[in-house]
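Read-outs: derived from the displayed coordinates by stated rules, not from any lab. Computed from a predicted structure; not experimentally measured. When we count neighbours, we look across all protein chains shown, and the Cβ atoms used for this are built from the backbone with ideal geometry, even at glycine.
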Amino acid sequence: MVTVLIVDDHPSFRTSARRVLEDAGYQVIGEAHDGQSALAAARVLRPAVILLDVQLPDLDGFEVALQLTADEDAPAVVLTSSREGNEFGGLVAASRARGFLPKDEVSGPALAALLR
Amino acid sequence: MTGLRRALTTIGATALALGLITVPVALGSNHTNLRGLYLAEQLVIGWSFVGTGLFMWWRRPENRLGLLMTAVGFTWLLGILLATNDRYLFFLGELVAGLPYAFLVQMLVSFPDGHLHTRLERLVVAAAWFDVTIMQWAPLPFLQFPRSPHCESCPANPLLAANHMQIADALEKAQAVIAVTVLLGLIVALVRRWRGFPTVRRRSLAPVLWTGALALFVLIASLAAKLSGTESPSVDTIYLLGLLPLAAVPYSFLAGLMQSRFSRAGAVSELVARLSAAPERRRSLRDALADAFGDPSLMLGYWLPDREQYVDADGHRVELPRDAGRAWTPVQRNGAPLAVIVHDAALADECQLLTAAGAAAGLALENERLQAELRARVEELERSRQRLIEAGVAERRKLERNLHDGAQQRLVALSLNMRLARDRIADDPDGARELIVEAMGELESATAELRELARGIHPAVLSDRGLPAAVKALAARMPVPVSLVEMPPARLSPLVEIASYYVVAEALTNVAKYARATAAEVRITQSNGSVTVEVSDDGVGGADPEHGSGLRGLADRVGSLDGSLEVDSPARHGTTVRATIPCA
């Protein structure tokens, strides 16, 4: 089973995303509410996939994505936001993330498509 | 006749009598060359100094120059005793012969205010006094005929201790060297003084300096002759002729005094002419005043009564100077402050001139004051417009944030949950129902948040039902009881209504957040073409409208409708916020 870490500062989204992904057969092994705790959780839990909100209360989500993907055996990072991906210009493409999912389109198949 | 005038008249009469008494003394002298010329010159110089000195003393009793000049004249007249054949009177003349020079040096160096300012000036005067007293008296015990070692016909010295020409010669040479040094120091001091003056004062100083310099040159020349040991009747003649510039000194002092009056009147009339020139040729009032007073650093501040401060022509604030080098003269018109002239401290004793110039420029000043007031107002408007724009941007950013964090997140969760419910409904109808119930809760919260946000953007109840209903709704949501004492009976214009509403909303928010009040009151009254919105509480007070963007933003909002906002908030005595908005 593919392990997932969900990073977002809104608890309602974390709950819903966990349900959606677990229903689709992913194993959600952790949640983080900001950039610092996301980096810490990633080191400890070593998830295969990180679903990362780009607007975090402490750090810039793109910066967090760069740090998370710095190592060779780094997890696959998928960015998410309640905004459209194209609102962020070229930042998504430059981030070393596998891709971008709008929050309301988060689903098992959509995630699998990006990870393939 | 005043006491001063009586005293001065007595001094004048004494000087006249003293001069007349010396006439037979001088004419009967058996050791004086050119007796007639000598006497005439001594009397002219002495009386000139006394006369002009008394006149200056009378016109400016607080200025020491009149006294010094009179003293020069008196001691000069006493010097005629050197012509006497009586050995004791002759000796007295010998004792006082140097004093007028010391008075003269002190007078020159302290023109025009009568005070010594620098160390050099004090040193020059002290050295002069030393030279005409100690150095003048030191050789006397060693000379048989003190007037001159070679004056065989002079009366004999009553104080003679030992006739020792070498000692006397050496002492006299030393005295002459000190005298030349004093005169050179005096020239340096005068040049420095002159340089320190603004142009307007230099003009009045010029005649004094020219005649003073000429007289000093003659004195140096005669002293140099004395040092070289030349002694002959022709030297006497040159000396007597050379003293003529000295006779001019008191008149030049008088001229200096008059000149400063003329230039005073001149400066003011020149100013008036400039002010009445055609507007396109007219330069700024500040430049005209700076020219008239020869003070390029001069600044003008215009009084703004509503701000209670001075501003320059561009509407920027002018601070009154505190350092010693600057001074200021206020200008009034009809008893009310109009402007302030900030100028060099050297102009401070031209106070009358400044006041006269201020009075002459009154109308022009009033004109420029109005312009400055307008510019200050424009500047304030620009600043408040800037703040309003910034507040608008901040407001929109906050709105975006609230939408993003609130309703939008709920709708995202709702969307995900609904999709889950759709996928589960066939296999797990109970789970699906649970998700739908949860989703409906999210939907309700999202609707409530959107409603709250919409009201923040614009209170619909205000436009639909008017100010009283909107204020009542506000009051109902407050944690402290709010009584609505008075409300306008009819609808106001939409802009006035919305501004009034925000005054009440912001003031009540502050009451709830900071005032620790037990009750608040709202009163909205309409009279004389304006609406007054007043919110008061019984809380801790101490609100400062300069700090905190809320009240500042309110002031800008009210200001944009030409209204004004007052905050009265003494510590521990509650707060009253009062906005007055024109609504004609």
**Request:** Kindly rank B:391-401, B:72-82, A:64-74 from highest to lowest mean number of other beta carbons found within 10 Å of each residue.
**Result:** B:72-82, A:64-74, B:391-401
**Request:** Evaluate E = 1/(1 + (r/R0)^6) for A:Ala112 and B:Leu443, where r is the Cβ-Cβ distance and R0 equals 22 Å; express this FRET efficiency to the nearest 0.05.
**Result:** 0.15
**Item:** Separation of alpha-carbon centers, region B:462-477 and region B:504-534, rounded to whole Å
**Value:** 13 Å
**Fill in**
About its Cα centre, chain B carries a charge dipole, from +1 on Lys and Arg Cβ atoms and -1 on Asp and Glu Cβ atoms, whose size in debye to the nearest 20 is 1500 debye
**Asked** Taking Cα centroids, how far is region B:371-395 from region A:54-116 in Å?
**Response** 43 Å
**Item:** Cα centre as origin, Lys/Arg/Asp/Glu Cβ charges: region B:387-457 dipole, Debye
**Value:** 480 debye
**Within 10 Å of each Cβ in A:16-28, the average number of Cβ atoms from other chains** = 3
**Request:** Starting from region B:319-368, pick out the trypsin sites (Lys or Arg not before Pro) whose DSSP state is loop and whose Cβ has at most 11 other Cβ atoms within 10 Å.
**Result:** B:Arg322
**Message:** With the crude spin-label approximation of a point 7 Å out along Cα→Cβ, what separation in nm comes out for A:Asp23 versus B:Ser527?
**Reply:** 6.8 nm
**Request:** Would you kindly state how much longer the chain becomes between B:Asp428 and B:Arg326 on full extension, computed as 0.36 nm times their sequence separation minus their alpha carbon distance, in nm to one decimal?
**Result:** 27.6 nm
**Request:** Give the cross-link partners of B:Lys472 among the aspartates and glutamates, using a straight C-alpha distance below 17 Å as the criterion and excluding same-chain residues fewer than 8 apart.
**Result:** B:Glu452, B:Asp464, B:Glu486, B:Glu497, B:Glu506, B:Glu521, B:Glu534, B:Asp537
**Message:** Only bridges whose two residues both fall in the protein assembly as shown count here: according to DSSP, what percent of them are antiparallel, nearest 5?
**Reply:** 65 percent
**Asked** What percentages, rounded to whole numbers, describe P(r) for region A:1-106 computed over all alpha carbon pairs with 5 Å bin width beginning at zero?
**Response** 2, 13, 27, 27, 20, 9, 1
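Counting only other chains, what is the mean number of Cβ atoms within 10 angstrom of the Cβ of each residue in peptide B:416-428?
3
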**Message:** Only bridges whose two residues both fall in region B:462-582 count here: according to DSSP, what percent of them are antiparallel, nearest 5?
**Reply:** 85 percent
**J(HN,Hα) series, region B:309-315, from Karplus relation 6.51 cos²θ - 1.76 cosθ + 1.60, nearest Hz, glycine and proline x** = 8, 9, 10, 7, 4, 8, x
**Asked** Which FRET efficiency value, to the nearest 0.05, is calculated for B:Leu381 and A:Ser37 with the Förster distance at 45 angstrom and r the Cβ-Cβ distance?
**Response** 0.40
**Item:** Farthest toward positive dipole pole in the protein assembly as shown [+1 Lys/Arg, -1 Asp/Glu at C-beta], among A:Ala113, A:Thr3, B:Leu365
**Value:** B:Leu365
**Prompt:** What is the fewest-to-most order of B:Glu94, B:Glu382 by other Cβ atoms lying within 10 Å of their Cβ?
**Reply:** B:Glu382, B:Glu94
**Request:** Quick one: grab the alpha carbon gyration tensor of region B:3-193, order the square roots of its eigenvalues as a ≥ b ≥ c, and give me rounded if a/c is under 1.5, else prolate or oblate depending on whether a/b is larger than b/c.
**Result:** oblate
**Request:** Determine the shielding of peptide A:104-113 by partner chains: average, over its residues, the number of Cβ atoms on other chains within 10 angstrom of each Cβ.
**Result:** 2
**Request:** Using +1 at the Cβ of each Lys and Arg and -1 at the Cβ of each Asp and Glu in the protein assembly as shown, identify which of B:Asn334, B:Cys154, B:Val461 lies farthest towards the dipole's positive end.
**Result:** B:Cys154
**Item:** Computed label-point distance, nm, for sites B:His164 and B:Ser297 using a 7 Å Cα→Cβ extension
**Value:** 5.6 nm
**Message:** Just want the answer: with Cβ charges of +1 for Lys and Arg and -1 for Asp and Glu, which residue in B:Gly325, B:Pro429, B:Ala505 is farthest toward the dipole's positive end in the protein assembly as shown?
**Reply:** B:Gly325
**Prompt:** Roughly how many debye, to the nearest 20, is the charge dipole of region B:3-193 about its Cα centre, given +1 on each Lys and Arg Cβ, -1 on each Asp and Glu Cβ, and no other charges?
**Reply:** 640 debye
**Asked** Ranking A:Ile29, B:Ile581 by Cβ neighbours within 10 Å, fewest first, what do you get?
**Response** A:Ile29, B:Ile581
**Prompt:** Based on the alpha carbon coordinates of the protein assembly as shown, what radius of gyration and maximum Cα-Cα distance (Dmax) apply, in Å?
**Reply:** 47.9, 153
**Asked** For the pair A:Leu66 and A:Val44, how long in nm is the line joining their label points, each one 7 Å along Cα→Cβ?
**Response** 2.7 nm
**Message:** For a Förster distance of 45 Å, can you work out the FRET efficiency between the beta-carbons of B:Glu390 and B:Thr355, rounded to the nearest 0.05?
**Reply:** 0.50
**Complete:** For B:Leu338, B:Leu443, ascending order of other Cβ atoms within 10 Å (fewest first) is B:Leu443, B:Leu338
